[in-house]
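All remarks here apply to the structure that follows.
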Amino acid sequence: MALTTKEKKLWVDALKSGNYKQTKGTLHNLDDGGFCCLGFGALVLGVASKEYMGVYEPEPDDEGEIPEIEEGPKGVYDWWRKKLLSDTANLLTDMNDRGDTFAEIADWIEEKL
């Protein structure tokens, strides 16, 4: 399962549009509305909604302990790892989280994928 030419174009054009806020460390930040490049791609390609990808705080367990906050569901990350292969998905996540802009990431996607 690879990224189609149509999917790539939709994602790249959206990343270059400048219409969306970028965030780090999560697919979609419900507080500030920002996306990482993979979260934004999942939204553009219709894989997941904003709410599905957002950070959530789990309920306390029976002992009253609150588990660690989980960022973005594993299913979206797994989808990208199958679509792009794990190394590429991880590289794009690293690019996003180190501060590469959406436009820079889009250029990389156009050139390398």
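The values are calculated or read from the model by the stated rules, or taken from the named source; none is laboratory data. Small disclaimer: the values here were computed from a predicted structure and weren't measured. Note: ideal-geometry Cβ built from the backbone for every residue, glycine included; neighbour counts use all protein chains shown. Remember, those area values only see protein heavy atoms, side chains included, never the ligands or the DNA or RNA. Shrake-Rupley method; radii C 1.70, N 1.55, O 1.52, S 1.80 Å.
What to note about this one:
- Placed amide H near Gln22: partners under 5 Å, 5+ positions off or other chain: Phe35
- Exposed loop sites are taken as GluC sites (Glu not before Pro) in a DSSP loop (any state but H, G, I, E or B) with at most 10 other beta carbon atoms within 10 Å; the longest stretch of the chain without one runs 1-62.
- GNM result for the chain, Cα springs below 10 Å: residue of Gly75, Gly25, Gly54 fluctuating most strongly: Gly75
- Dipole-positive endmost among Trp108, Leu85, Asn96 within the chain (Cβ charges, Cα centre): Trp108
- For the listed residue pairs Lys21/Lys50; Lys21/Lys83; Lys16/Lys82, the alpha carbons are over 22 angstrom apart in Lys21/Lys83; Lys16/Lys82.
- With respect to the chain, whose longest principal axis is taken over its alpha-carbon atoms, helix 86-98 is tilted by about 80°.
- Rounded percent of accessible protein surface that carbon and sulfur make up, the chain, 1.4 Å probe: 48
- Charging the Cβ of each Asp and Glu at -1 and of each Lys and Arg at +1, and nothing else, the dipole of the chain about its Cα centre rounds to 1020 debye.
- Rounded to the nearest whole Hz, the Karplus-based 3J(HN,Hα) values (6.51 cos²θ - 1.76 cosθ + 1.60, θ = phi - 60°) of segment 101-113 follow the sequence 6, 4, 5, 5, 5, 4, 4, 4, 4, 4, 7, 9, 9, with x at glycine and proline.
- Taking every C-alpha pair closer than 8 Å and separated by at least 6 residues, the mean separation divided by the residue count of the chain gives a relative contact order of 31 percent.
- Top of Lys16, Lys74, Lys24 by mean-square fluctuation, Gaussian network on the chain, Cα under 10 Å: Lys74
- Take the chain with all the other protein chains still there, run a 1.4 Å probe, and you get 59 Å² of accessible area per residue.
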